[in-house]
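Student: What follows is a structure written as structure tokens; I'll ask about it next.
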Amino acid sequence: MRVNKNDIESLVDEFDLIIDCTGKSGPLFPFPIEKEFSPFQVPQRKCIVGYFLGVKPNNPLGISVTVLPEVDEMFEIPAMTEHGPVTILFIMAVPNRELDAFKEIKHAKEFTNQMKNVTQKYFQDIHERIEQDIFTLSDEKAFLQIAIKPVIRKPYATFKNKLVIGCGDSVFLNDPITGQGCNLSSYCAERLYETLIQYRDANWGTQLGEAYWDRTKTFVREVTEWTNAMTQMLPQHIVQLLLAGVEDQKIADKVAEWFEEPQKAHEAFFNLKIK
């Protein structure tokens, strides 16, 4: 059942605890914004993504990223769908710059043609692997354009004297550039479980909410600061590190680990080193 703002009063009356997991379309409840972690007033990237047939895979098979400083990033991601193997081409475009080139496109054929044009001009390696005769979206709806304004909220509030907890994108909404939505949501869900177990014999009030926030705040901060930094001009030491990774597989592997363990990314960006 889809829940909307008209339902929340009856839900609060019915349950001892409400957990708001409404995702990027939320939150339903008035969680206060953490201004320290929410510096942006507008989206920093436009997400332009399509699931394509007719792209010869990278060798070795895996996720690859091409960075055009101050313009965009292109992620190439192998995936499996009901139509079989596909290649996800995912552009993170700086608004109103060169790669913000899909405005007003609403149909699959137009999207496909524009992706051909963009790869030919900016991502030649990908374009050379496109099989022109069969290059197409996996289905008519296999593309998306969206812009997200990152915002972090304190993940607990009271509503009609009842505790409400936030989890996932409803309270911790980062730009998708680092792909941390699932990581952050699963991490915080586990910390929420631990907190609920700790308070299972106590009243579920603001003390529980504060304990949950204490458990998650450091990880949220590290993910958010790294993600926000990735949407801006990259620090010179990070640029040099990425360039070194082109020639040194061990460095490239360590950079790849950032997306699995974002604490390492945060350390690399802000402590001027990588482990």
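The values are calculated or read from the model by the stated rules, or taken from the named source; none is laboratory data. Since the model is a prediction, treat every value here as computed from it, not as a measurement. Positions of Cβ are backbone-derived with ideal geometry, glycine not excepted, and every protein chain shown enters the neighbour counts. Ligands, DNA and RNA are excluded from the accessible area calculation, which covers all protein heavy atoms including side chains. Shrake-Rupley method; radii C 1.70, N 1.55, O 1.52, S 1.80 Å.
Student: Report, in degrees rounded to the nearest 10, the 0 to 90 angle that the Cα long axis of helix 206-230 makes with the longest principal axis of the chain.
Tutor: 20
Student: At 222 nm, what value in deg cm²/dmol follows for the chain if DSSP H runs of at least 4 each add -39500 (n - 2.57) and the sum is divided by all its residues, to the nearest 500?
Tutor: Helix-only estimate at 222 nm: -11500 deg cm²/dmol.
Student: Calculate how steeply helix 181-198 sits against the longest principal axis of the alpha-carbon atoms of the chain, using the helix alpha-carbon long axis, and give the answer as 0 to 90 degrees to the nearest 10.
Tutor: For helix 181-198, the angle is close to 20 degrees.
Student: Between segment 41-77 and segment 173-230, how far is it from one alpha carbon centroid to the other, in angstrom?
Tutor: Segment 41-77 and segment 173-230 have Cα centres separated by 28 Å.
Student: If amide H atoms are built 1.01 Å from N in the plane of the peptide, which residues on other chains or at least 5 residues away come under 5 Å of the amide H of W258?
Tutor: The answer is none.
Student: Loop by DSSP (not H, G, I, E, B), at most 11 other beta-carbon atoms within 10 Å: where is the longest site-free stretch of the chain for GluC sites (Glu not before Pro)?
Tutor: The answer is 141-259.
Student: Moving on to the next point. How much area per residue is accessible in segment 49-193 when the probe is 1.4 Å and only protein heavy atoms are counted (Å²)?
Tutor: Heavy-atom accessible area per residue stands at 50 Å².
Student: Kindly identify segment 128-275 as rounded, prolate or oblate by the Cα gyration tensor criterion: order the square roots of the eigenvalues as a ≥ b ≥ c, call it rounded if a/c is under 1.5, otherwise compare a/b with b/c, prolate if a/b is larger, else oblate.
Tutor: oblate
Student: Name the most mobile residue of I177, I77, I48, meaning the one with the largest mean-square fluctuation, in a Gaussian network model of the chain with Cα contacts below 10 Å.
Tutor: Comparing I177, I77, I48 in a Gaussian network model of the chain, the most mobile one is I77.
Student: Helix 108-122 versus the longest principal axis of the chain: what angle, 0 to 90°, nearest 10, using Cα atoms?
Tutor: Once rounded, one gets 70 degrees.
Student: If amide hydrogens are placed 1.01 Å from N in the peptide plane, which non-local residues have theirs closer than 5 Å to the one on A147?
Tutor: Long-range HN contacts for A147: C47.
Student: May I pose another question? When you take every Cα atom in segment 1-119, what is the radius of gyration, and what is Dmax, the widest Cα pair distance, in Å?
Tutor: Spelled out, the Cα radius of gyration and Dmax of segment 1-119 are 19.7, 56 Å.
Student: Another question, if that's okay. For segment 61-182, what does the equivalent ellipsoid look like in terms of its semi-axes, each the square root of 5 times an eigenvalue of the Cα gyration tensor, given largest first in whole Å?
Tutor: After diagonalising the Cα gyration tensor, the semi-axes are 34, 17, 14 Å.
Student: Related question: Amide H neighbours of D20 under 5 Å, counting only residues 5+ apart in sequence or on other chains, H built in-plane at 1.01 Å?
Tutor: I165, G166, C167
Student: What is the percent carbon and sulfur in the accessible area of the chain, measuring with a 1.4 Å probe over the protein chains and ignoring ligands?
Tutor: Accessible surface attributable to carbon and sulfur in the chain totals 51 percent.
Student: Right, next: Using label points projected 7 Å from each Cα along Cα→Cβ, tell me how many nm separate V239 and E140, to one decimal.
Tutor: Distance between label points: 4.6 nm.
Student: Rounded if a/c is under 1.5, else prolate if a/b is larger than b/c, else oblate: which is segment 224-275, with a ≥ b ≥ c the root eigenvalues of its Cα gyration tensor?
Tutor: Cα axes put segment 224-275 in the oblate bin.
Student: Quick one: dipole size for segment 12-144, taken about the Cα centre, charges +1 on Lys/Arg Cβ and -1 on Asp/Glu Cβ, in debye to the nearest 20.
Tutor: So the magnitude is around 540 debye.
Student: If you don't mind, there's one more thing I want to ask. Scan segment 111-180 for trypsin sites (Lys or Arg not before Pro) in coil per DSSP, keeping those whose Cβ has at most 11 other Cβ atoms within 10 Å, and list them by number.
Tutor: Numbers: sites: K116, K121, R129, K141, R153, K160, K162; in loops: R129, K141, K160.
Those that pass, being in a loop and sparsely packed, are K141, K160.
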